[in-house]
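Working notes, structure below.
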Amino acid sequence: MFKKVFPLSAILSLRFLGLFLVLPVISVYALELEGATPLLVGIVVGGYALTQALFQVPFGSMSDKIGRKPTLLFGLLIFLVGSIICAYSTDIYMLMIGRFLQGAGAIGSVITAMISDLVSEEIRGKAMAIMGASIALSFALAMGLGPVLGAKYGVEFLFILTAVFAVLAIILLFTKVPTPPKIKHIYHKTTKTSDILRDSNLLNMIIINAMQKGLMTIAFVLIPIILTSDAFSWQKSDLYMVYLPAMLFGLAAMGPAAVFGEKHNKPKEIFLLSIILFIASFLIMGLSTSSLLFVVGVILFFIAFNMMEPLVQSMITKFAKVHQKGAALGIANSVAYFATFIGGTSAGLLLGMSDRETIGISIAAVAGVWLLWTLKLQNPTKYAHLYLPQDDVAMDKLENLENAHIAEWYINDTEKLVIIKYASLAIQKDDLVAQISK
């Protein structure tokens with residue numbers, strides 16, 4: 001599993017590392033460019049998230065139709081061009097175009113779909129945890145290196161470095177990433193992308209994913225501003241003392257949560273616990289009178305976020321049909337990026353309109369409503385997968401196979417296998433084999 005997941009995680013991590021490197025310094029850099037205004041600087045900082053949201057679905061759907069690798073190459077080339085434009089920008093508008101292009105190479109959902117192609121559902125949670133951990137490590141590395149490299153070599157150097165990362169990612173794509181199996185889709189009824197939103201399970205996961213990402217942006221706006229305000233009077237150079245332990249605790253919580261949610265089929269319980277921790281974290285950050293207690297609130301936030309992260313992606317790939325994984329992840333990530341943009345904007349508005357205590361209580365109240373909504377979520381049906389050589393299966397019997405406990409079946413043309421996804425508690429494997437054997 002690791003050999004299949006690591007190259008894809010590395011590609012995504014290189015892309016995020018480039019995006020994260022400039023975050024600590026890009027606003028200061030952008031203000032010095034010709035034509036800059038605070039509004040345009042804000043668009044430059046968050047604009048990539050907007051184009052990420054707009055292009056997640058097209059890239060996900062494209063990968064379902066023309067293949068994962070060609071789509072990844074196209075996205076990385078767009079990201080490369082955007083990074084080069086940013087590096088050589090001479091005014092705010094040119095920088096803005098570059099940032100929009102960086103986000104337009106929206107390959108996150110494609111990589112997640114490709115991992116789901118290569119890794120069986122039984123161990124997909126672990127695979128998603130590896131991917132999530134690699135992104136978290138990229139963020140930690142970028143927060144430490146970005147300000148140092150930017151101060152010594154200039155922000156232009158950071159964008160050039162980002163372009164180099166894009167080239168390295170393309171090399172990895174064609175040297176280390178295995179080609180996913182060719183899947184032949186045969187169904188009794190036609191399914192459309194719009195059916196994804198009609199699936200209550202997928203809709204619930206899209207909402208959970210959006211809320212999680214929206215709260216993340218709110219937290220990253222509030223935490224540094226509150227700590228460096230008169231309330232606690234921290235120096236900017238000291239912020240690592242809250243982020244470092246928080247990220248370590250978050251990473252430590254990710255693995256056990258993924259194992260419990262996947263192995264014991266209890267993702268709902270993990271989601272509910274995570275939301276409770278979200279509520280506690282914002283209450284503590286809003287009401288604490290000591291910086292130590294505030295740091296505890298930040299740690300709880302990171303634990304909640306990282307517990308939820310791998311399971312959200314895994315559950316979406318489980319609920320989606322095999323030929324719609326890319327589209328489903330594209331929709332989920334698109335909505336999540338919009339929530340990211342809205343969360344950051346809302347946090348900025350709240351800071352200008354209200355005090356810290358009210359903000360903390362208000363966000364906790366919204367999370368409380370989210371908790372009540374999630375109570376109706378059902379844990380997924382425990383499915384097993386039957387893998388049969390295509391030559392041993394009577395195709396006429398397979399095509400007439402009708403059973404409410406069979407989620408789907410499809411053919412892996414590359415390996416000449418018929419794969420049937422069925423409810424293992426409702427159907428006996430031997431009975432299923434007998435129904436379709438020659």
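The values are calculated or read from the model by the stated rules, or taken from the named source; none is laboratory data. Model, not experiment: these values are computed from the prediction. Glycine also receives a Cβ, built like all others from the backbone with ideal geometry; neighbour counts cover every protein chain displayed. Please note that ligands, DNA and RNA were not included when accessible areas were found on the heavy atoms of the full protein model with its side chains. Shrake-Rupley method; radii C 1.70, N 1.55, O 1.52, S 1.80 Å.
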Among the residues in the range 344-358, are any buried (at least 18 other Cβ atoms within 10 Å of the Cβ), in contact with a Gly (Cβ under 7 Å, 6 or more places away or on another chain), at pLDDT 80 or above and not in a loop (DSSP other than H, G, I, E, B)? yes
Qualifying positions in the range 34-69 - under 21 Å from the mean Cα position of the chain (by Cα), within 24 Å of Phe159 (Cα to Cα), β-branched (Val, Ile, Thr) and surrounded by 19 or more Cβ atoms within 10 Å (Cβ to Cβ): Thr51
Take Val259 and tell me if it is over 30 Å from Met353 (Cα atoms), surrounded by fewer than 20 Cβ atoms within 10 Å (Cβ to Cβ) and of a type in the set (A, V, I, L, M, F, W, C). yes
For the range 202-245, name all the residues that are in a loop (DSSP other than H, G, I, E, B), at pLDDT below 80 and open to solvent by less than 50 Å² (accessible area, probe 1.4 Å). Leu239
Any residue at all in the range 394-411 that's out of contact with any helix residue (DSSP H, G or I) (no Cβ under 8 Å at 6 or more places or on another chain), modelled with pLDDT under 85 and either among the polar types (S, T, N, Q) or closer than 30 Å to Leu215 by Cα (or both)? yes
Take Val167 and decide whether it is within 23 Å of Gly67 (Cα to Cα) and either among the acidic types (Asp, Glu) or modelled with pLDDT of 80 or more (or both). yes
Go through the range 339-369 and give me each residue that's within 22 Å of Thr51 (Cα to Cα) and among the polar types (S, T, N, Q). Thr340, Thr345, Ser346
Pairs only if they're at least six apart or on different chains, beta carbon under 8 angstrom, first in the range 261-275 and under 11 Å from Asn379 (Cα atoms), second of a type in the set (A, V, I, L, M) and outside any helix (DSSP H, G or I); list them, first residue then second. Lys268/Leu377; Phe271/Leu377
Within the set of pairs 6+ apart or on separate chains, which have a first residue in the range 29-41 that is without any contact (Cβ under 8 Å) to a residue 40 or more places away in the chain, a second that is open to solvent by less than 30 Å² (accessible area, probe 1.4 Å), and C-beta atoms under 7 Å apart? Leu31/Val41
Collect the residues in the range 423-438 that are over 38 Å from the mean Cα position of the chain (by Cα) and either in contact (Cβ under 8 Å) with a residue 40 or more places away in the chain or closer than 11 Å to His405 by Cα (or both), keeping them in residue-number order. Ile436, Ser437, Lys438
Considering only residues that are surrounded by 22 or more Cβ atoms within 10 Å (Cβ to Cβ) and not in a helix (DSSP H, G or I), which ones fall in the range 1-23? Val22
Enumeration of residues in the range 388-419 that are among the aromatic types (Phe, Trp, Tyr) and over 17 Å from Asp431 (Cβ atoms): Tyr410
For the range 375-422, which residues satisfy the criterion of being more than 23 Å from Asp117 (Cα to Cα), part of a loop (DSSP other than H, G, I, E, B) and open to solvent by 20 Å² or more (accessible area, probe 1.4 Å)? Leu375, Lys376, Gln378, Asn400, Glu402, Asn403, Ala404
Residue in the range 24-33 that is nearest to Pro224 (Cα to Cα), counting only those that are open to solvent by 30 Å² or more (accessible area, probe 1.4 Å) and of a type outside the set (Val, Ile, Thr): Pro24
Six or more apart or on different chains, Cβ atoms under 9 Å: show the pairs whose first residue is in the range 138-164 and modelled with pLDDT under 95 and whose second is of a type in the set (Lys, Arg) and surrounded by 19 or more Cβ atoms within 10 Å (Cβ to Cβ). Ser138/Arg15
Does at least one position in the range 365-374 carry a residue that is open to solvent by 40 Å² or more (accessible area, probe 1.4 Å) and either at pLDDT below 85 or over 27 Å from the mean Cα position of the chain (by Cα) (or both)? no
Name the residues in the range 80-100 that are assigned to a helix (DSSP H, G or I), hydroxyl-bearing (Ser, Thr, Tyr) and under 15 Å from Tyr48 (Cβ atoms), would you? Ser83
Note: among Leu77, Leu72, just one is open to solvent by less than 20 Å² (accessible area, probe 1.4 Å) and either in a helix (DSSP H, G or I) or in contact with a Ser or Thr (Cβ under 9 Å, 6 or more places away or on another chain) (or both), namely Leu72
Of all residues making up the range 291-321, the number that are assigned to a helix (DSSP H, G or I), among the hydrophobic types (A, V, I, L, M, F, W, C) and open to solvent by less than 10 Å² (accessible area, probe 1.4 Å): 9
